[in-house]
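Structure, as C-alpha cells:
We did not get these values from a lab; they are worked out from the coordinates using the rules stated. Quick caveat: nothing in here was measured; it's all calculated off a predicted structure. Positions of Cβ are generated from backbone atoms using ideal geometry, with glycine treated the same way; all protein chains shown enter the neighbour counts.
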Amino acid sequence: MAGRAKGSVLGPQDPEPFGIFNVDGRSPFLLIGDHAGSTVPFPLQSLGLQPDDFRRHIAIDIGVFGLGQALALLLDAPFVHQPYSRLVIDCNRSPARPDAIPEVSDGTPIPGNRHLSDRARDARSAAIHGPYHATIAALLDTRLATAKETVLLSLHSFTPELDGMNRPWDVGVLHGSGRPGFAHALRDALADQADLIVGDNEPYAMDETDYTIPFHAFARNLSYAEIEVRQDLVGNPSGQEAWATRLADAARRAAELSSIRDGSGKEPPAPGQERIRGHMA
C-alpha cells in the first residue's frame, strides 16, 4: 500500500495487516485465522530465514487459509485472517509477551528477531497486531450493536509431532473461561463422528498464553471455540474441503445443542434425545 512512512515496518507494496473473506456472511459464526499467512514485510528482509522455513509450522498454520475460506462459504460466515507470519508477530499472543516475537521457534533461530529494542517490538505491534485485532473488534461490536448472536471460531492447525512426541488427535477443541458451552457441544459433535480422535483441550489447553479468544470472546461474553486440526489432514485443497464439511456439520449441530440459532429456525433437541459419543482427552 502506497503512502506508508519511510522506515515503517510495512513497505509501500506490503499487504494490509488483515484480510476479510466473505465479509457479508450472515450466519452467527465469525471465523478468524491468527496464523493463516506467511508473509514477511519487505523491510524485515525475510527475518534472515530461508524460503522453506516459511512453509513450516513455525511460520504458518498450514492449511488454515484454505480451510477458513471453504468453511466461510459453507457457514456463510466472514473469515478474518492475518496475512503476516507468526514469526513477525504472533497475533494469538499479547504483544507484551516475549514469545510474541520469538527469537527461537521449535529449535530454529530467528535472526531477524534477536535483540530487538522495545521500539522495534512496538512498531511491529502497531503495524500488524493492533490493526488486525481492531478489525475483529469492529466486526464484533457492529454485530453486538444490532443484537446479532455471534459465535467466534478461531482456526488453527498443529504439527503431527512435536519434541519427539506423536500427537494422535485428528482435531482438538480448546476452551477455557467465559461461555464454553458451544465449545463443549462442538467437541461432542465431532466426537460423534466415529472415525475421529478428538482432543479436549488437546494438543494445547487454552491458558494465559492465548490472546484472541480471551480478548474478544471473554470480554464480550460471546460463545466461542478454538479449533486445532492436524496439519497433514488439511495440507492440500481436497483435505481442506473435506475438513470444512466436517467442521460445518459439527458447528451447526453444536449450535443446536447449545441453543444458538444458526439461521435454520430449528429448536434445540429435547433432553435425552441426543446420543453423544465419548471423546479422547
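Can you tell me the length gained on complete extension of the stretch GLU161 to PHE42, counting 0.36 nm per residue apart and subtracting the Cα distance?
Full extension from GLU161 to PHE42 adds 39.7 nm.
Based on alpha-carbon centroids, what's the gap between region 123-167 and region 36-81 in Å, whole number please?
13
With a cap of 13 neighbouring Cβ atoms within 10 Å, and only residues DSSP puts in a loop, list the trypsin sites (Lys or Arg not before Pro) found in region 126-188.
Here the sparse-neighbourhood loop sites are LYS148.
For GLN193 and SER259, what does the FRET efficiency come to when R0 = 30 Å and r is the distance between their Cβ atoms, rounded to the nearest 0.05?
0.85
With the radius of gyration and the Kirkwood radius both derived from the Cα set of region 1-86, what is their ratio Rg to Rh?
When Rh is taken as the Kirkwood radius, the ratio is 1.04.
Hey, rough spin-label estimate for TYR204 and ARG114, points 7 angstrom out along Cα→Cβ, what's it come to in nanometres?
2.6
Calculate, in whole percent, how much of the Cα-Cα pair population of region 212-252 lies beyond 12 Å.
Of all Cα-Cα distances in region 212-252, 66 percent exceed 12 Å.
Would you please give the FRET efficiency between ARG179 and GLN50, computed as 1/(1 + (r/R0)^6) with r the Cβ-Cβ distance and R0 = 51 Å, to the nearest 0.05?
So the FRET efficiency works out to roughly 0.75.
For n ≥ 4 DSSP H runs only, could you compute -39500 (n - 2.57) per run for the chain, divide by its residues and tell me the 222 nm figure to the nearest 500?
-7500 deg cm²/dmol
Using all Cα-Cα distances in region 1-147, what percent lands in each 10 angstrom bin from 0 up to the longest?
11, 40, 34, 14, 2
Mind running the shape call on region 87-194? Use the C-alpha gyration tensor, a ≥ b ≥ c as the square roots of the eigenvalues: rounded below 1.5 for a/c, prolate if a/b tops b/c, oblate otherwise.
Judged from the Cα gyration tensor, region 87-194 comes out oblate (a/c at least 1.5, b/c at or above a/b).
What Kirkwood hydrodynamic radius do you get for the chain when you take the inverse of the mean 1/r over all pairs of distinct Cα atoms, in Å?
For the chain, inverting the mean 1/r across all distinct Cα pairs yields 19.3 Å.
Specify, per residue and in Å³, the volume enclosed by the convex hull of the alpha carbon atoms belonging to region 111-257.
152
Any idea what angle helix 181-191 forms with the longest principal axis of the chain, computed on alpha-carbon atoms, 0 to 90 degrees, nearest 10?
Approximately 80 degrees, to the nearest ten.
Which trypsin sites (Lys or Arg not before Pro) in region 18-94 pass both tests, a DSSP loop state and at most 13 other beta-carbon atoms within 10 Å?
Counting only loop positions with at most 13 other Cβ atoms within 10 Å, the trypsin sites (Lys or Arg not before Pro) in region 18-94 are ARG26.
How much of the DSSP bridge set in the chain is antiparallel, in percent, rounded to the nearest 5?
Bridges in the chain that DSSP calls antiparallel: roughly 35 percent.
Could you rank the peptides 228-241, 40-53 by their average count of other C-beta atoms within 10 Å per residue, with the highest value first?
Highest-to-lowest ranking by the protection proxy: 228-241, 40-53.
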